[in-house]
1. Search the stretch 396-411 for residues being at pLDDT 70 or above and under 30 Å from A473 (Cβ atoms), and hand back the single one that is surrounded by the fewest Cβ atoms within 10 Å (Cβ to Cβ).
2. Would you check which residues across the stretch 293-318 are surrounded by 17 or more Cβ atoms within 10 Å (Cβ to Cβ), in contact (Cβ under 8 Å) with a residue 24 or more places away in the chain and either within 18 Å of R245 (Cβ to Cβ) or among the hydroxyl-bearing types (S, T, Y) (or both) and list them?
3. Within the stretch 275-332, restricting attention to residues that are of a type in the set (S, T, Y) and farther than 21 Å from L389 by Cβ, which residue is nearest to the chain's Cα centre (by Cα)?
4. Please work out if P380 is crowded, with 18+ Cβ neighbours inside 10 Å and either at pLDDT below 85 or assigned to a loop (DSSP other than H, G, I, E, B) (or both).
5. Quick one: how many residues across the stretch 314-331 are more than 11 Å from K367 (Cα to Cα) and β-branched (V, I, T)?
6. So which residues in the stretch 132-174 are among the β-branched types (V, I, T) and under 13 Å from M119 (Cα atoms), if there are any at all?
7. What are the pairs, 6+ residues apart or on separate chains, where a residue within the stretch 25-41 that is of a type in the set (F, W, Y) and modelled with pLDDT under 85 has its Cβ under 6 Å from a residue that is assigned to a helix (DSSP H, G or I) and surrounded by fewer than 18 Cβ atoms within 10 Å (Cβ to Cβ)?
8. Given the options F461, F453, name the one that is in a strand (DSSP E or B), touching a helix residue (DSSP H, G or I) at 6+ places or on another chain (Cβ under 9 Å) and not small (G, A, S).
Amino acid sequence: MGFLLRVAHANGLCEPKWLATNATKGLHQRLRICPHCLFEPGAYWFAAWQSGPPICNQHQCWLIDACPDCLKPFSFSTCRLHSCRCGQPYQAHCGVPVDPQIWKILYVDRVDPDVLMWMGSLAKHGLQGKPGKRASSKQVQEIAEFIELGSAAAVEWPKGFHALLSRIRIPQTGAKIALASSAFPAFAKRIRSIRDADWRARIEIEFLAYVRNTQGQESALLSRQIRSTSNAKLIAGRHGLSVERIKRVASQNALPVRVTEGGRKRYVIAPEIEERMIKELGDEVSTKQASAVLGLHPTRITALLSAQELTALGRGIRLASIRLFKDQILALATPVDSRSDRWASLSKVLKAYVPRTSTTEFFQAIKTRQIEVKCTTHPPSQTLGEGLLIQPDQVLAWLATRRAVQRCSDLKLDITHVAKALGVKPDVVRSLVLKGFLTPIETRANARAPQYFHRRDIDRFQEAFTSLKSLAAEAGIAPKQAPSWARHVGYEIVSGPTIDGCRQYFVRKAEIRKTERLAS
């Protein structure tokens, strides 16, 4: 292009485009020039001016692409060798010096100019002003402005970039907590448009870091790519509290909350607010949490609280009193030599033998060493319910001495213990339930729910019936011949595989006694 201008000037042509042919490229291209370079003797038009950042490397100034006098953009048809077509010489224009920081970023730090223009366009036009399209501008004045704004964000990386994100963030009406995708719409797509892979990765990392940093502030951002460390669930887990209590205190303190489309409330709690909330909650724990710490049923926790074995605090229980009670019971436990059937866990013993109304008296018996407690490891690493071992026989003896009548009326047994008491398998007990010989205390809510029986009902069944298998064994009769033998001697078989489909034969005891009297 410069060659054609020199030839036109040397031949006195007023229109350099007369020398152009159909093969000449860039006839309508917007040209950039350095007025300082063209002022020198034997000046050349450098092809490097037309690509890359609009900066003259020799004079460290911004190039110009329009005549300041007639305001027309420079092109092959409007330019002459030493002046604009309007007659204004190029040397009359002074190129604006490039800021040293921008020069360092571009030519020392080697930052891609497109990255600076990308950030500068965001800084000027924001997320809703089509910054991607505006960053492709070819005008030197806009390019220079974008590079200057982008350099301001890059010179103090990453602090400057975080400040840029805060400026362009779209505020959310009616909520301080927002999704990152709402505050920065289509921002991930804009990041992917950056061609420089290194800077694309750096910007992605710092954007996520910015979102993470906001979670300690009131105007927090939420993102699926970042796991929050300051929501109600995680704070509750760190301090051993319930999520409901954390949310209740957060609601009382009017903390910022985001309500999802499904109606769920999501809190993002700053560290200083978290510290204040935990201080407010103090030593208070709920009955449910006390149940988890001790491994006891909530109704038993309530019984211990009523007996002042545990101390109330506000709407809950003082955690220190729970730990003190646990330590007192554990101090009485000694390691067991070998686990056997004689020992059962505290939770099973409580469930099978000890009425909930006798909870306080039961633990008093442990404290006074009327009931011996042992543990598999010392000190036990589990809750009281699972870590302590107790002999059911001792519990039964304690209950008998306490109140035999109450034991018979209140004691509950599960299917396993009923089977042991009757000397049969648990499946046989289930058959007796189906045939109506045994009645559970309450109907099961589902097939897996446990069944319990009053001890008095088991005693009545044993007084009225006995298994044919045990009778035949005493008489030396083989099990297969037992039914025919029982009918021969006159025993009444009330249940069995050939009678009603029960898993085992049972005989009425009254008929046995009657037959024995007749035989005598």
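1. Among those residues, the one meeting the criterion is A400.
2. In the first step, residues of the stretch 293-318 are kept if they are surrounded by 17 or more Cβ atoms within 10 Å (Cβ to Cβ); the result is 293-296, 300-305, 309-310, 316-318.
If we keep only those that are in contact (Cβ under 8 Å) with a residue 24 or more places away in the chain too, we end up with 293-296, 300, 303-304, 309, 316-318.
Result: V293, G316, I317, R318.
3. So the first thing to find is which residues in the stretch 275-332 are of a type in the set (S, T, Y), and the list is 286-287, 291, 299, 302, 306, 311, 321.
The next check asks that each one be farther than 21 Å from L389 by Cβ; those that pass are 286-287, 299, 302, 306, 311, 321.
Numbers: S286: 23, T287: 25, T299: 31, T302: 32, S306: 37, T311: 33, S321: 31 Å.
Among those residues, the one meeting the criterion is S286.
4. Numbers: crowded, with 18+ Cβ neighbours inside 10 Å: yes; either at pLDDT below 85 or assigned to a loop (DSSP other than H, G, I, E, B) (or both): yes.
Yes: the conditions hold for P380.
5. Just the residues of the stretch 314-331 that are more than 11 Å from K367 (Cα to Cα), to begin with: 314-324, 326-327.
Then drop every residue that is not β-branched (V, I, T), which leaves 317, 322.
Of the residues in the stretch 314-331, 2 are more than 11 Å from K367 (Cα to Cα) and β-branched (V, I, T).
6. Keep residues of the stretch 132-174 that are among the β-branched types (V, I, T), which gives 140, 143, 147, 155, 168, 170, 173.
If the condition is that a residue be among the β-branched types (V, I, T) and under 13 Å from M119 (Cα atoms), then I143, I147, V155, I168 are the ones that fit.
7. Short answer, once both residue conditions are applied: F39/Q91.
8. Just a single option satisfies the conditions, and that option is F453.
The values are calculated or read from the model by the stated rules, or taken from the named source; none is laboratory data. In this text the structure is predicted, and so the values were computed from the model without any measurement. Note that each Cβ is placed from the backbone with ideal geometry, even for glycine, and that neighbours are counted across all protein chains shown.
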